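The values are calculated or read from the model by the stated rules, or taken from the named source; none is laboratory data. Remember, predicted model here, so these are calculated numbers, not experimental data. When we count neighbours, we look across all protein chains shown, and the Cβ atoms used for this are built from the backbone with ideal geometry, even at glycine.
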Amino acid sequence: MAYSWVTPVYELQDQGVAIDLAVPKEGAVGWADYNCISSGVTDPARLRAAESFINYILGPDFGEVTGWPRMTLSRGEVIVDNGKVLAEAGRGRLLKRRRFSETDARIRA
């Protein structure tokens, strides 16, 4: 399961990747330019965690790289461990992305 903006999903489908979108029967937000915390959150620790997350993504450090992954997995196999590439050359495949303008019409359809 993953959360994604719709454009990468369409691009991956066009490349033959078995991926699809699912919308819960209750509905889903298609676009959001806001952050909110449900009024049902009553646990103080969860409320602080949600507030901290929102403060972080709205703050000046969001998007700043502060670390590096120690391990990378692909299909259950460790392919990078502490900066050392363990995968064999040619193991993966490049998925070329279209420009946004080329998929924009598909989103609106």
Against the definition (modelled with pLDDT of 75 or more, of a type in the set (Gly, Ala, Ser), closer than 29 Å to Glu11 by Cβ and in a loop (DSSP other than H, G, I, E, B)), how does Gly40 come out, yes or no?
no
I'd like to know if the stretch 84-93 contains one or more residues that are at pLDDT below 80 and touching a Leu at 6+ places or on another chain (Cβ under 8 Å).
no
Some residue of the stretch 47-70 being assigned to a strand (DSSP E or B) and under 29 Å from Ala18 (Cα atoms):
no
Boolean, Val80 is under 18 Å from the mean Cα position of the chain (by Cα) and β-branched (Val, Ile, Thr)
no
